[in-house]
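Working notes, structure below.
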Amino acid sequence: MRRVTIFGATGSIGQNTIDLIARDPDGFEVVALTGGRNVAKLAEDAIRLNAEVAVTAFDDALPELRERLAGSGIEAAGGTGAILEAADRPADWIMSGIVGAAGLEPGLRAMAQGTTLALANKESLVCAGALVLDTAKTHAATLLPVDSEHSAVFQALVGEDMSAVERVIVTASGGSFRDWPEEKLARATLAEASNHPNWAMGQRITIDSASLFNKAMELIEAREFFGLRPDQIEAVIHPESLIHALVGFRDGALMAHIGPPDMRHAIGYALNWPDRRALPVHRLNLVEIGQLTFRDPNEDRHPALRLAREVMEAGGLTGAAFCAAKDRALDGFIAGEIGFLEMAAVVETVLDRIAPQLPREMTLDTVRGTIAEAHRLADTVIGDRVAAE
Ligand code: NAD
Ligand code: MG
């Protein structure tokens, strides 16, 4: 029996993880499930999987969670502190599936018990790459990638020497607007941006896919995870979303990872690693697929990719500022305060303003401080834009 905890259990990654675990009730013992406001789902899954504890991130949602778990013998807890405490409960495998920078600290705390952390939360490496990797090293924790592109690279690297790697190419579907003319993008609505052509994911990452901010985050994530130089990482638009990433070696070989767009593959790989076990994913029929196509990502059309390159070059806490500014810009777009193309403009302005004042040292405190300052700056920039309209 393996003891597992799922952070962000009610989200898209969390539900896919639960789907796999629920298929093997004798294989897993569920320690903690955490969620946010969807307390009904959290309680339902906690009962179904007989978890030890269910935790909502929000104090004010705790009474309802308690009520729903009454008589089940399952503990209920609420608040950010309770999420961190859940990370202390001994577990063999922990899914980091919270969305946003809020996923960083639970992951760090989980690694402190020297466990295996399956990292779906890309913000952790974007905000605090060095800190995350150092924490894993200090506590002999195993860090496994779950983002499909990074899982693909990880799989292509099995048995390979990193010194033989020339480059890594991550693919991008191009998101909801890949076939839109550029002049139409400024008027893209929330509903249009929330509809992904290939993947079913949470709303925030779906919008980030349309703006290519998701790919921008993934370039930075790849740099951190695999210890690459910025010039070794590229993105290419691949509308079919079947090749997830490619690794180019110094002998000219390109190893591509091909699979259906189903996150249960990458999650299952991390769950079974280093073994490969059967997974309930669709088997591709290459003849039916017929062809795979690729397009230039065009950094003029997608400023997020250009910004990612600048962030990778700058390194350090620039990633935390980028991630936090992007999160606020996304909030602004979701709230209807700024337009689709303004998100990149907000992030760029925040990065320009924050650059001279970024601390050099990366600690949890400086990461937190940078995130708070980038949030404050982004709110100001968004406020100024709203006032100017
Ligand atoms: P989601 O919005 O579907 O779910 C997010 C989860 O985090 C929910 O359980 C929610 O309750 C919880 N949460 C939200 N705010 C929180 C907070 N402040 N504190 C604690 N918990 C909080 O998101 P998702 O699509 O599952 O994505 C999760 C992470 O995985 C993101 O970092 C995303 O970029 C990454 N990711 C997702 C996919 C995917 O297929 N969905 C693929 C690759 C990477
Ligand atoms: Mg991805």
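Any read-out appearing in this document is the output of simple, stated calculations on the displayed coordinates, not a laboratory observation. Since this is a predicted model, take the numbers as computed values, not measurements. Using ideal geometry, Cβ is built from the backbone for each residue, glycine included, and neighbour counts are taken over all protein chains shown.
Given q = 0.14 Å⁻¹, what are the Debye log10 I(q)/I(0) values for region 186-230, with equal point scatterers placed on the Cα positions and solvent ignored?
Computed log10 I(q)/I(0) values: -0.40.
For region 209-356, what is the largest minus smallest coordinate of the Cα atoms on each principal axis, given in angstrom and ordered from greatest to least?
Computed over the Cα atoms, the extents are 49, 37, 31 Å.
May I ask for the Rg/Rh ratio of region 234-300, computed from Cα atoms with Rh as the Kirkwood radius, given to two decimals?
Result for region 234-300 is an Rg/Rh of 1.01.
For region 103-144 and region 149-191, what is the separation of their C-alpha centers, rounded to whole Å?
So the separation of the two Cα centres works out to 23 Å.
Rank-order 41-52, 355-366 by packing density, defined as the average count of other C-beta atoms within 10 Å over each peptide's residues, highest first.
41-52, 355-366
R0 = 45 Å: FRET efficiency of Arg376 with Gln291, Cβ-based, nearest 0.05?
Efficiency, rounded to the nearest 0.05: 0.40.
Calculate the radius of gyration of the Cα atoms of region 316-389 to one decimal place, then report Dmax, the largest Cα-Cα distance, as a whole number, both in Å.
Rg and Dmax of region 316-389, Cα atoms, are 12.0, 39 Å.
If each residue of separation counts as 0.36 nm, what is the full-extension length gain between Ala388 and Arg2 once their alpha-carbon separation is subtracted?
Extra length from Ala388 to Arg2 when fully extended: 133.4 nm.
About its Cα centre, what dipole magnitude does the chain give when the only charges are +1 on Lys and Arg Cβ and -1 on Asp and Glu Cβ, stated in debye to the nearest 20?
About 420 debye.
Taking every pair of Cα atoms in region 2-145, average 1/r, invert it to obtain the Kirkwood radius, and report Rg/Rh to two decimals.
On the Cα set of region 2-145, Rg over Rh gives 0.95.
Just need log10 I(q)/I(0) for the chain at q = 0.12, 0.14 Å⁻¹, Debye formula, equal scatterers on the alpha-carbon atoms, no solvent, rounded to two decimals.
-0.94, -1.30
How much length, in nm to one decimal, is gained on full extension between Trp180 and Glu192, taken as 0.36 nm per residue of separation minus their Cα-Cα distance?
3.2 nm
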